[in-house]
1. Tell me which residues, restricted to region 212-259, are buried (at least 21 other Cβ atoms within 10 Å of the Cβ), more than 11 Å from the chain's Cα centre (by Cα), under 30 Å from residue 95 (Cβ atoms) and β-branched (Val, Ile, Thr).
2. Condition first: touching an Asp or Glu at 6+ places or on another chain (Cβ under 9 Å) and at negative phi. Now tell me which residues in region 218-231 satisfy that.
3. Go through 25, 95 for me and flag whichever is under 30 Å from residue 217 (Cα atoms), in contact with a helix residue (DSSP H, G or I) (Cβ under 6 Å, 6 or more places away or on another chain) and part of a helix (DSSP H, G or I).
4. For the structure I just gave you, tell me whether residue 276 is open to solvent by 30 Å² or more (accessible area, probe 1.4 Å), part of a loop (DSSP other than H, G, I, E, B) and modelled with pLDDT under 90.
5. Output the number of the condition that residue 209 fails; it satisfies all remaining conditions of (1) open to solvent by less than 60 Å² (accessible area, probe 1.4 Å); (2) in contact with a helix residue (DSSP H, G or I) (Cβ under 6 Å, 6 or more places away or on another chain); (3) more than 19 Å from residue 261 (Cβ to Cβ).
6. Can you spot a residue in region 133-150 that is over 29 Å from residue 235 (Cβ atoms), open to solvent by 30 Å² or more (accessible area, probe 1.4 Å), modelled with pLDDT under 65 and assigned to a loop (DSSP other than H, G, I, E, B)?
7. With the structure loaded, tell me whether residue 102 is open to solvent by 70 Å² or more (accessible area, probe 1.4 Å), modelled with pLDDT under 70 and β-branched (Val, Ile, Thr) or whether it fails that test.
8. Could you pull out the residue among 42, 56, 18 that is among the hydrophobic types (A, V, I, L, M, F, W, C), surrounded by 15 or more Cβ atoms within 10 Å (Cβ to Cβ), closer than 24 Å to residue 213 by Cα and modelled with pLDDT of 85 or more?
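The values are calculated or read from the model by the stated rules, or taken from the named source; none is laboratory data. Only a predicted model underlies this, so the values are computations on that prediction, with no experimental measurement involved. When we count neighbours, we look across all protein chains shown, and the Cβ atoms used for this are built from the backbone with ideal geometry, even at glycine. Areas reflect the complete protein model, heavy atoms only, side chains present, ligands, DNA and RNA absent. Shrake-Rupley method; radii C 1.70, N 1.55, O 1.52, S 1.80 Å.
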Amino acid sequence: MKRYAAYSSASAPASRTVGSVALMLAVIAFLAKRFGVIDADVFVLSLIGAAAIALVALMLAIIGLHRIWTYGGGGLPAALSGILLGAAALVAPALVLGMLTIHSGSQDLSTDRQDPPAVVVQSLEAEQPVLAWMNQVLEAHLWPNLKQFSVKDQSRITDRATDNPDIVSRRYRIAPAQLHAAGAKALEELGWTVVDELPPDLLDAPTRLQAEGVTRVLGLKHDVALRIRPDAVGALLDVRSRSRTPLKDLSDNADHIRVVFAEIDQVLLETYGDLARLSVEEGALEEEDLQLEPVEDPRDTIPLPGFKPYFEEEGTVVEDLELTDLEG
């Protein structure tokens with residue numbers, strides 16, 4: 001009895017091999033970005049390459065399944081493996097693309113939008129031309145259309161300045177130096193590295209802190225600046241969060257500011273025990289209430305003077321004055 005050779009699909013095993021390469025490239029790119037080995041531009045380009053290879057693997061697998069269905073023969077497990085590997089390789093590019101398009105948070109957000117705290121480290125957007133170009137295209141074409149599609153009433157569409165009504169300055173009934181210590185402790189608890197600091201020399205002197213934070217998923221770096229100034233109530237705190245790349249993560253700058261406020265509140269609660277006596281929401285006080293004295297430190301401390309004594313010329317020696325008998 002004459003036996004014919006069984007048909008064997010060549011595209012099915014090829015899809016499995018190509019899918020493995022795509023998945024490996026996507027995983028290596030993700031891990032390299034998470035641990036800071038590559039920059040954001042290389043990461044995005046690597047994911048684009050992995051997505052293209054994964055699409056090729058899916059196409060080869062579909063061709064293999066069609067030929068196996070038509071001519072019979074082996075290769076079905078290889079084709080199914082190619083589909084699974086190609087789909088898995090598309091997860092990371094789809095996740096990054098989704099965060100970049102849907103999560104349209106501001107790259108620079110501050111509680112004081114008119115006079116934000118200064119940031120020493122400048123943005124690295126100029127060194128990321130691919131992401132800068134993609135971000136400009138999304139801001140010009142995609143995000144306005146998404147807002148119009150998601151909001152039926154066009155009068156309800158607002159600008160980004162009003163997207164986060166809770167991101168406002170906060171007042172505290174403690175001295176600026178005490179709030180500075182609480183802010184430094186909060187940044188330490190968050191695991192962020194302080195890169196610049198203006199420490200207080202007096203209890204009522206203005207201070208500032210700047211820290212470098214890292215997101216949890218992609219390891220994206222961002223700068224967070226805290227500015228503390230004396231206020232009629234006690235101390236006024238402004239926080240600014242600035243991303244170093246247009247690439248988005250699961251958390252944005254508004255979330256970073258909220259995390260800082262929450263951690264400072266936790267530190268003050270552990271230190272003083274009554275946060276309601278210390279924290280003052282923006283707009284909660286009337287104009288005449290701003291003349292309240294700040295709450296004194298409950299600990300036994302020696303009050304410091306509000307100014308530094310000085311002489312106009314160093315080394316000035318006060319000579320003895322001759323006493324005159326006014327009665328003659």
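1. 239 - this is the single residue of region 212-259 that is buried (at least 21 other Cβ atoms within 10 Å of the Cβ), more than 11 Å from the chain's Cα centre (by Cα), under 30 Å from residue 95 (Cβ atoms) and β-branched (Val, Ile, Thr).
2. Of everything in region 218-231, those that are touching an Asp or Glu at 6+ places or on another chain (Cβ under 9 Å) and at negative phi turn out to be 218, 220, 221, 222, 223, 224, 225, 226, 227, 228, 229, 230.
3. 25
4. Judged against the criteria, residue 276 is not a match.
5. Of everything listed in (1) open to solvent by less than 60 Å² (accessible area, probe 1.4 Å); (2) in contact with a helix residue (DSSP H, G or I) (Cβ under 6 Å, 6 or more places away or on another chain); (3) more than 19 Å from residue 261 (Cβ to Cβ), residue 209 misses just condition (3).
6. Within region 133-150, none of the residues are over 29 Å from residue 235 (Cβ atoms), open to solvent by 30 Å² or more (accessible area, probe 1.4 Å), modelled with pLDDT under 65 and assigned to a loop (DSSP other than H, G, I, E, B).
7. It is true that residue 102 is open to solvent by 70 Å² or more (accessible area, probe 1.4 Å), modelled with pLDDT under 70 and β-branched (Val, Ile, Thr).
8. Being among the hydrophobic types (A, V, I, L, M, F, W, C), surrounded by 15 or more Cβ atoms within 10 Å (Cβ to Cβ), closer than 24 Å to residue 213 by Cα and modelled with pLDDT of 85 or more holds for just one of 42, 56, 18, which is 42.
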